[in-house]
Structure formats: C-alpha cells, structure tokens
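As structure tokens, the structure follows; a few thoughts come after it.
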Amino acid sequence: MTIALDFDGTIVEHKYPEIGEEIPFATETIKKLIADHHKVILWTVREGKLLDEAVEWCRQRGIEFYAVNKDYPEENGSASNKYFSRKIKADMFIDDCNVGGLPDWGTIYRIISEHKTYYDILRERRGDSYLTEQKKKHWWQF
C-alpha cells in the first residue's frame, strides 16, 4: 500500500515553521509500516530548507521515505512546469486535517495492518449496541 503522510501536526506537533515535539508513537509506527513493506511518502507543504530539515529530522530517527512530495523517487518535475502537480497518488493519506482529526498512531496502525475501518475500531471500543442504535438514524435526521 502507498501511504502519504503529512509532517506538521501528524508526525510532530504543529509548530511550523519550527519542528514541534514528536507526536507519541509516530516514528515507531512509521518505521513499522515501512518494515511491513508499505511505500511511505512524506507529503508536506514544506519546501526548500524547511523540507530538508523535516526529512533530516525523520532520518535521524530511522525513517527513510519511499519518496518526498512526489509519487516515486525518480519522478521529476517542478512548480515552474505548468503540468507538474504535487498531488500524490496514494492508497491512504494520513493528515491532521482529516475530518474528525488525527486518530492516535496505534489506531492508525490497526486500520492499516488489520484492514479495519475507523468505524470498526470505534464499534469495538464502544460496544456494538451503541453504534447500532446510532446507525438507525439517517444522515439527515438530527
């Protein structure tokens, strides 16, 4: 699976342009995903020196990304090329700006490794009856 990861607010606390403290278990989980043979791409708004600092921060913690801000390591392109896009083709995006926010890294790993949905994990945590009752309502009913 190809997984695109944001940096600020996802791997580290959001302190842009500084690098914040690591979010608990982020680097350990990312290394495990790489060891599980997933292609992990760093996908961030950072560019130039700020991007280099983020990549080096990860490298110092044992994380080597498959690619950085591109689909694959050999991809060429630049912002000056009108046909070049930084849109990444990935199976999954992990970003703190997700609707509902960023789950903890343990939950993220379970979603990926156990092929579960976030809904499945919530159902396990809260008990089937709670979510079954909630599911009876249609989306337009409040």
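Readers should treat all values here as calculations from the given coordinates under stated rules, not as data from a laboratory. Just so it is clear, the structure is predicted and the values come from calculations on it, not from any experiment. All Cβ positions, glycine included, derive from the backbone under ideal geometry; neighbour counts span all protein chains shown.
What ranking do 97-108, 55-66, 2-13 get when scored by the average of other Cβ atoms within 10 Å per residue, highest first?
On the way: 97-108: 13.3, 55-66: 15.1, 2-13: 21.5.
Put in order of decreasing packing, that is 2-13, 55-66, 97-108.
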Which aspartates and glutamates have a Cα lying under 16 Å from the Cα of LYS89, excluding residues fewer than 8 positions away in the same chain? ASP6, ASP71, GLU74, GLU75
Separation of the TYR72 and PHE93 label points, Cα + 7 Å toward Cβ, nm: 2.2
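Taking 35 Å as R0, compute the FRET efficiency from the Cβ-Cβ separation of GLU47 and HIS115 and round it to 0.05.
On the way: r = 34 Å, r/R0 = 0.98.
So the FRET efficiency works out to roughly 0.55.
Expressed in nm to one decimal, what extension gain is obtained for the pair ARG125 and GLU21 from 0.36 nm per residue of sequence separation less their Cα-Cα distance? Please list the in-between numbers first.
Working: separation 104, 0.36 × 104 = 37.44 nm, distance 2.82 nm.
Taking 0.36 nm per residue and subtracting the Cα distance, the gain is 34.6 nm.
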